[in-house]
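Worksheet: the structure to be examined is printed underneath.
The values are calculated or read from the model by the stated rules, or taken from the named source; none is laboratory data. Given the structure is predicted, the values throughout are model-derived calculations rather than measurements. Please note: Cβ atoms are built from the backbone with ideal geometry, for glycine as well, and neighbour counts cover all protein chains shown.
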Amino acid sequence: MLTENKFSKYFIYAIGEIVLVVLGILIALAINNNNGERKTRIKELNYLSGIKSDLNLNLIELKTYITTRETSVSSAETILDFFNNKKEVIPDEFNLNNLNVQIWYPLKKNDNTYQELINSGNLAIISNDLIKDILINSQLGYKQISFLETHMQYDFENYIYPIYFSTTDLESDISNYTFQVSNGTDGAKTELSKEKIELLLKNQTFKNGFVLSIFNNKQLLTEYENMILMTEKLIDLIDSELIINK
């Protein structure tokens, strides 16, 4: 009986030791998991903060380009009024509106943080699926904008630029244009040739280029508006994630 009693105590002691070891391992694993999740969350929030900064820059760009595209549409419509004899041809006015349409730049996209997220294979750490979906869709939206800009450039290079460059004195036109947009602080008030403008206004291909520019710019305006809505929604979602973590 004494032997059996000692064995029972030893057995219970051994089981207790095993239980303590297992509990210790489980606690250590839980701590490691929590630390790993915390580090991943910190990395995710850093990415989200960077993405938000890029998105705010994109909002500024988009709103600026909306104003530019609206000006381009308005100027192209004025040029068509000259073509259709709805307005008296005033050389300075023609030159200003003509170059408002022809001088343009592609939209600048700020997505350095997103590209870093993709290239590092860390997209999966973004825990909010809606944020991930909108991020991906916004990239598709920018691709559509780039496609429209490429198409517009093609139209300009085939229907407007060759005719305009072969007809007018570009140096004089740009100097006059600069003088007008700078309110006389730059460029020079050069005399423009009304005869050369009349030649341009008799060219159907040149006119069609402005018709296409209106069409393309209006499509771009629609895409810009969609991107603004998508960007603002994304910023709100990211703000919610950042607030939760505070």
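Points to keep in mind about this one:
- Any chance Ala30 is at pLDDT below 90 and either in a helix (DSSP H, G or I) or in contact with a Lys or Arg (Cβ under 7 Å, 6 or more places away or on another chain) (or both): yes
- Here the condition is being within 12 Å of Glu223 (Cβ to Cβ), modelled with pLDDT of 90 or more and part of a helix (DSSP H, G or I); of Leu135, Leu130, Leu140, it holds for Leu140 alone.
- Failed condition for Trp104, given (1) part of a loop (DSSP other than H, G, I, E, B); (2) loosely packed, with under 13 Cβ neighbours inside 10 Å; (3) of a type in the set (Phe, Trp, Tyr): (2)
- Verdict on Tyr177 being touching a Gly at 6+ places or on another chain (Cβ under 6 Å), surrounded by 18 or more Cβ atoms within 10 Å (Cβ to Cβ) and assigned to a helix (DSSP H, G or I): no
- Enumeration of residues in segment 103-141 that are among the polar types (S, T, N, Q) and in contact with an Asp or Glu (Cβ under 7 Å, 6 or more places away or on another chain): Asn110, Asn112, Thr113, Ser127, Asn128
- Annotation: Glu225 fulfils all but one of (1) more than 18 Å from Gly141 (Cα to Cα); (2) within 35 Å of the chain's Cα centre (by Cα); (3) loosely packed, with under 14 Cβ neighbours inside 10 Å; (4) among the charged types (D, E, K, R); the unmet one is (1).
- Within the option set Thr64, Thr68, being part of a helix (DSSP H, G or I), under 22 Å from the mean Cα position of the chain (by Cα) and closer than 30 Å to Lys196 by Cβ holds for one residue only, Thr68.
- Within the option set Glu198, Glu171, Glu149, Glu157, being surrounded by 15 or more Cβ atoms within 10 Å (Cβ to Cβ) and either out of contact with any Ser or Thr (no Cβ under 9 Å at 6 or more places or on another chain) or without any contact (Cβ under 8 Å) to a residue 40 or more places away in the chain (or both) holds for one residue only, Glu149.
- Flag if Asn95 is assigned to a helix (DSSP H, G or I) and either exposed (fewer than 14 other Cβ atoms within 10 Å of the Cβ) or modelled with pLDDT of 95 or more (or both): yes
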